[in-house]
Amino acid sequence: MLKKNDQTKKREKEIEKLIKKLTLDEKIAMIHGASLFRSGAVERLGIPAIVTSDGPMGVRAEFMDDRWIPAGNQDDMVSYLPSNSALASTWNTELARDMGYVLGAEARGRGKDVILAPGINIKRDPLCGRNFEYMTEDPRLAASLVVPFVKGVQENDVAACVKHFAANVQETDRTMVDEEIDERTLYELYLPAFKAAVQEGEAYSIMGAYNKINGFHCCENKRLLDGILREEWGFDGAVISDWGGVHKTKEAASCSMDLEMLVYPDFDEYKLANPLKELVQRGEVSVEAVDAKVRNLLRLMYRLKMIGPKKDSRKAGAYNVPAHREMILKTAQESMILLKNEKHALPLDAKKIKKLVVIGANAAKVHSDGGGSAEIKALYEICPLAGLKMYLGGNTAVKYVEGYYVPEELKTAENWQATSLDEEENLEIGQAIRTDEAGENELHRRGEEERLAKVEKEKAEIHQKNEKLFAQAIEAAKDADAVIFVGGMNHVVECEGYDRSDMKLPYEQDILIEELLKVRKDTILTFVGGSPVEMPWRDQAQAILWSYYAGMETGNAFAQIIFGEVNPSGKLAETFPAKYEDCVTAKNGQFGKWGKITLAEGLYCGYRYYDRQRIAPAFCFGHGLSYTNFEYSGLTLKAEKGKNVKLTFSVKNTGKCAGAETAQVYIAPIAAQADRPDKELKAFVKVKLDAGRTKKVSLTLKQEDFAYFDEHLHKFIADAGDYEILVGASCEDIRLRGIATLS
Ligand code: BGC
């Protein structure tokens, strides 16, 4: 067997040999889409097409080759995975590996080479339409989860395509918005998870984002793709553009953008197709620049065993296998977050309930088929109502009332991708606007105006219908042993392509909830949604359970938690502000604008902002309750050679049932020389404990965990001095404190 180094040398030699054999036309064919989700192949030399597919919640249905229309197959339903926001709420790195593994296996099982996932953009504003696809507001948590996730995917000889690089923080004007970001913020908040994905996760591919950063589109951004990704981080994988993310041929040709993908079927007109060929022929772009892209793509193919000596041993994957569903159920169980639980309102005792009333449209709603590119054709999806009924069986009467009105037509989400390609007419508009940035902007703006007008019109209709539905719900609630409200959002409200316009629960749910709490104080309030909502009635509520889009087993996990068969252990991976006006982005007005936004808050995003301003959120970062209690004790800190800090402490389950607790470690620099957030998450550990048991936890914080990015020196540095180490059950509920000194 050859050693790794020799293997690499041999592979690179083989790649060079192949490059020498390729004609310019063949090279060009390889570096742009030859179909909506596939690159060009060179059959003559046995070089296959790279077959990609969305997305983060499962492998998307097959599309027609040259039309943005589902192929209508009967064999492309798949396992529906919990969203990345659900996964992040588990704070469980093993589950992150498992979810990656399931996604990779299903992608390979469906014959894919690259799965366009995971989405790891930092959540900067709760209204971002794609937040449900992303993990968290914290770079350390995102980094810790993306590494095992990517490894899990790639165990299957499938590439993860980590997206969207970088700082894709809003959907408004998503293909044109220019984000002004200072260096330090970029390096400390928006890049770390990508860096971890590349360096520790060894991601084979990265997707360039649509937005611009400091004036340059990410997909042709030399600084980002060459300077940071390749030179600083040593990435030698492939960069794939977001679909339509490339705007200028010369710029994309002369930086590390390896494969251009787009939503239009005029493949030869892609920037890296004929326009590039012309530039090469005129001597304005070198053949070497084209070779560099081909080299990265061939390396990807080698790694995936699509070509080369290991071709016959490539894994086959599998989709819809029972083992995947088990892992998905486990993740769903650990993802749900008990936000509030007073008077032991939860769990409910199933034996005592003869008549259960379930109120709310989300009880009977499935979500897998929406959201934009994250939509999938699920093999099945168990909604909360089905989960409750399946759990209780036939001896309990379960009465369901819709509670609030969800307009029928709103349910078909307007998908920017779908509407951009399905008609000849659109194709013409597409061609026209693609040569003109202002035109593209105009088209999107028009679409957004139409969408908003429709939403406005529907409000009156909702109000009118709700009168009757509310009355029905209140009547039903009065006559029940227990009442469960299942509300929240759906993928019409939060979707790729646009941002939410406010943080309120849609369809007047707040009014219904307040009425319900008046007649039934003990109403169990539960929600399915992908990003924070205001909960103005939260003080009156006894129990609040939050579930992100948690996959095909949502309903089962939901019922198990409601009836106490599973003890909830999810914790918020993002702050739930009390009201939208409390968000820094609401204050600085730098979110959801067209044209240009400045990330003026700098590092003060998420809990870093609420901490600094002493603004109490509704539920803070890291918060999540359990049916049992945990006690923290005995923090010891030992600085090793003045560099690493070794931490130990104990967590005890002091309640009556088994449970799991995520202990979070934050650092708070004392007398820092640079401006530093009050506290920053640096480590966490999820401990599973039977009732009465104690576990001693050991963790090591490395010197780099104490560092900040110095813009002048252009590197991370850790100042010597004292740091407070905070160990807590959330970012506000700090249980243990100690001081560590770095020399
Ligand atoms: C989305 C990507 C997605 C791609 C392909 C784009 O519009 O931003 O996340 O992977 O389309 O569907």
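The values are calculated or read from the model by the stated rules, or taken from the named source; none is laboratory data. Please read these numbers as outputs of a predicted model, since none were measured by experiment. Positions of Cβ are generated from backbone atoms using ideal geometry, with glycine treated the same way; all protein chains shown enter the neighbour counts. Just so you know, the surface numbers come from the protein's heavy atoms only, side chains and all, with ligands and any DNA or RNA stripped out. Shrake-Rupley method; radii C 1.70, N 1.55, O 1.52, S 1.80 Å.
Annotations for the structure displayed:
- Ser205 long-range amide H proximity, modeled H, under 5 Å: Ala160, Val162, Ala238
- Separation in nanometres of the label points that stand 7 Å from Cα toward Cβ, at Val519 and Glu269: 5.9
- Cα-based convex hull, segment 49-313, per residue volume (Å³, whole number): 127
- In Å², nearest 10: area of Glu704 left accessible to a 1.4 Å probe: 120
- Equivalent ellipsoid semi-axes, segment 630-742, via Cα gyration tensor eigenvalues times 5, rooted, Å: 30, 13, 11
- Amide H partners (placed H, <5 Å) of Lys596, local residues excluded: Asp178
- For segment 336-613, the dipole from Cβ point charges (+1 on Lys and Arg, -1 on Asp and Glu) about the Cα centre works out to 1600 debye, to the nearest 20.
- Positive-end extreme of charge dipole, segment 630-742 - chosen from Ala672, Asn653, Leu699 (charges on Cβ): Asn653
- In the chain, helical runs assigned H by DSSP with n ≥ 4 each contribute -39500 (n - 2.57); averaged across all residues and rounded to the nearest 500, the mean residue ellipticity at 222 nm is -9000 deg cm²/dmol.
- The chain, Cα convex hull volume normalised per residue, Å³: 158
- If R0 equals 25 Å, the separation of the Cβ atoms of Ile670 and Arg223 corresponds to a calculated FRET efficiency of about 0.10.
- The 3J(HN,Hα) values that the Karplus relation (6.51, -1.76, 1.60; θ = phi - 60°) gives for segment 273-284 are, in residue order, 10, 3, x, 6, 4, 4, 5, 5, 5, 7, x, 8 Hz. Gly and Pro appear as x.
- By the equivalent-ellipsoid construction on the alpha carbon gyration tensor, segment 336-613 comes out with semi-axes of 36, 23, 18 Å, ordered largest to smallest.
- Database remark: amide H of Ala658 closer than 5 angstrom to the amide H of Ala691 (H placed geometrically; neighbours at sequence offset of 5 or more, or on other chains; Pro and chain starts carry no H).
- Segment 49-313: relative contact order as a whole-number percent, Cα under 8 Å and 6+ apart: 15
- The long axis of helix 424-434 is offset from the longest Cα principal axis of the chain by roughly 70 degrees.
- Segment 49-313 - percent of accessible surface contributed by carbon and sulfur, probe 1.4 Å: 45
- For segment 597-743, the carbon plus sulfur part of the accessible surface works out to 45%, probe radius 1.4 Å.
- Dividing the mean sequence gap of close Cα pairs (under 8 Å, 6+ apart) by how many residues the chain holds gives a relative contact order of 15 percent.
- Residues of the chain: accessible area per residue with a 1.4 Å probe, Å²: 37
- Estimated inter-spin distance, Glu467 and Glu94, nm [label 7 Å along Cα→Cβ]: 5.6
- Between 0 and 90°, nearest 10: helix 93-109 axis offset from the chain longest Cα axis: 50
- GluC sites (Glu not before Pro) restricted to DSSP loop in segment 315-361 with at most 15 other C-beta within 10 Å: Glu342
- 3J(HN,Hα) from dihedral phi, segment 542-552, Karplus parametrisation 6.51/-1.76/1.60, rounded to Hz, x for glycine, proline: 8, 9, 10, 10, 10, 10, 6, 5, 9, x, 5
- Here the convex hull built on the C-alpha positions of segment 702-743 has a volume of 84 cubic angstrom per residue.
- Helix axis angle, 322-335 relative to the chain longest principal axis, alpha carbon, degrees: 60
- With at most 10 other Cβ atoms within 10 Å, longest stretch of the chain clear of loop trypsin sites (Lys or Arg not before Pro) (DSSP): 4-281
- Extended-chain gain in nm, criterion 0.36 nm per residue less alpha-carbon gap, Arg67 and Met390: 112.3 nm
- Extended-chain gain in nm, criterion 0.36 nm per residue less alpha-carbon gap, Lys352 and Thr648: 102.2 nm
- Extended-chain gain in nm, criterion 0.36 nm per residue less alpha-carbon gap, Thr741 and Ala318: 147.2 nm
- Karplus 3J(HN,Hα) series, Hz, for segment 634-644 with 6.51 cos²θ - 1.76 cosθ + 1.60 (x for Gly, Pro): x, 6, 10, 10, 9, 7, 9, 6, x, 10, 7
- Three semi-axes describe the equivalent ellipsoid of segment 328-404; taken as square roots of 5 times the Cα gyration tensor eigenvalues and ordered largest first, they are 25, 17, 13 Å.
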